[in-house]
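In what follows, a single structure is set out as structure tokens and then discussed.
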Amino acid sequence: MSSSLEPPYIQDFTHFEQHVARIFHRHGWTVVTPEQNQVGYDLVVSKSNIVAAVQVKWLKNNVAAPQILKFVDFLESQAACQFNYGIFITTKDYSGPARALIKSWGKDSRIRCGIAFENKITWVNGDGGTPPPQPPKQDKIYFGIFTCKGGVGKTTVAAHLAGAFALQGFNVALVDLDPEQNLHKLVGDGVYVPSNTGHKGAGTTIEVYDARAWDENAARDCKIVICDCSPALERNPRELIEKFDYCIIPTTLNPLGINKHGLVIQDTVKKIRSINQAAHLFVLINNFRDPGVRRLKILKESFFSAYKDIKQNDEKFHCIDPEQVCIRTSEQLYYWGIHILENPNHPSSELAFQLIGGKCYPRDDFISLVDYIEREAGIGILRE
């Protein structure tokens, strides 16, 4: 929510876009606002023989490198052939990785990145680019990832669920509600996922926000919002829990996971339901190891029995059969985060989705999870 102490021109996206247009107009540029469903830019500015696409980014936090890279991808596409330059304008600043990226391009780049103030635009190293244009207004879909105890993979599930949606063409906002801030440590300020269709400009972004910086208008191009929730339910903003369409609680398929974790999960479900009665709730087996036919039968019977009463009284509560969907144990997920230790001063942002021998169990498992949720809870409407 905007503050009354903020200048009027940065209190929301519409005022900020109009403010940027006025600055260009005062400096002799012709400014045109494209149709609302135009993909890739928010304004077109022209002067003499120069025509530039302008992306206007109204943010509560700094611009992340993946946001700029997505604009670069658009400028290299056939859809941007009419433009000589790309201009990226924001309300705040640019993150360290974003500034390093801009600096690496040099002053002859086709992109200029700037920060808009009351009467001028200050350019960052003479180059720039802007975030994606506003698509037709659509409701966002909210996921909350909860935990029954530390170490069951809550943050890993949140990040890679975002990756699965990104691979299917959605921009995703990750909101870090956990005081440990593990999402920021492992994912940085975001991840850019290139298009797998071969078309330039069609990639997607995963943007990371902390609870204080989260604002729907700051992530207006993200249709999916995934919250990595605090283990203490009362520390999560009530207004966010009320918005959750889907909640996922990871656990493990072993005696401890079924017995001790089961009691905590039952309590978590009750607390969620005291705030949000509409969300679909899923208990997901993470770090699954095949126990063999006999033990799997016993463990599954105990697993479903632990939540039998909830299931009978809550039609939107789902115990996911691990033989249908689970997150299998893998070295890729177990060692996810090694990139931070390898280069602590300049860590890369990545997920455990790299192909090894032509396969990637984490990628396949999280895509299967998205498909399962669509099938069971009706989010297939997102594909319309």
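Every number here is computed from the coordinates shown, using simple stated rules; none is lab data. Computed from a prediction, not measured in an experiment: that's the story for all the values here. Cβ atoms come from the backbone with ideal geometry, glycine included; neighbour counts cover every protein chain shown.
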What nm distance separates the two modelled labels at Glu239 and Asn119, each placed 7 Å from Cα along Cα→Cβ?
-> 3.5
Compute the acute angle (0 to 90°) between the alpha-carbon long axis of helix 65-75 and the principal axis of greatest extent of the alpha-carbon atoms of the chain; round to the nearest 10°.
-> 60
For the pair Lys270 and Gln18, the simple spin-label estimate (label points 7 Å beyond Cα toward Cβ) gives in nm 5.2
Extension gain, Lys297 back to Glu315 (0.36 nm per residue minus Cα-Cα distance, nm) = 4.0 nm
Inverse of mean 1/r across different Cα pairs in region 297-363, Kirkwood, Å = 15.2
Nearest 10, in degrees from 0 to 90: the angle of helix 154-167 to the longest Cα principal axis of the chain is 50
Any idea what the relative contact order of region 141-383 is, in percent, if you count C-alpha pairs under 8 Å spaced at least 6 apart?
-> 24
Gaussian network model of the chain, springs between alpha carbon atoms under 10 Å - residue of Phe304, Phe143, Phe282 with greatest fluctuation | Phe304
Angle in degrees between helix 255-275 and the longest Cα principal axis of the chain, rounded to the nearest 10 | 50
For Lys308 and Leu341, extending 7 Å from Cα along the Cα-Cβ vector and measuring point to point gives, in nm, a value of 4.4
Rank the residues Cys229, Cys319 as a footprinting-exposure proxy: fewest other Cβ atoms within 10 Å of their Cβ go first.
-> Cys319, Cys229
Kirkwood Rh, Cα atoms: Rg over Rh of region 8-123 = 0.93
Which of Asp73, Asp290, Asp93 has the fewest Cβ neighbours within 10 Å, and the rest in rising order = Asp290, Asp93, Asp73
Net lengthening on full extension, Lys185/His25 (0.36 nm per residue, minus Cα-Cα) = 53.4 nm
Over region 245-377, with a single point scatterer placed on each C-alpha, what log10 of the ratio I(q)/I(0) does the Debye formula yield at q = 0.11, 0.15, 0.20 1/Å?
-> -0.48, -0.82, -1.20
Over all distinct Cα pairs, what is the inverse of the mean 1/r for region 177-311, reported as the Kirkwood hydrodynamic radius in Å?
-> 17.5
Please report, in whole Å, how far the alpha carbons of the chain spread along each principal axis, starting with the longest.
-> 76, 48, 40
Which links in Lys70/Lys271; Lys70/Lys92; Lys103/Lys154; Lys47/Lys223 stretch past 29 Å when you go from one Cα to the other?
-> Lys70/Lys271; Lys103/Lys154; Lys47/Lys223
Paramagnetic label zone (point 7 Å from Cα along Cα-to-C-beta, Glu374; backbone N under 19 Å) in region 262-280 | 280
The chain: antiparallel bridges as % of DSSP beta bridges, rounded to 5, reads 30
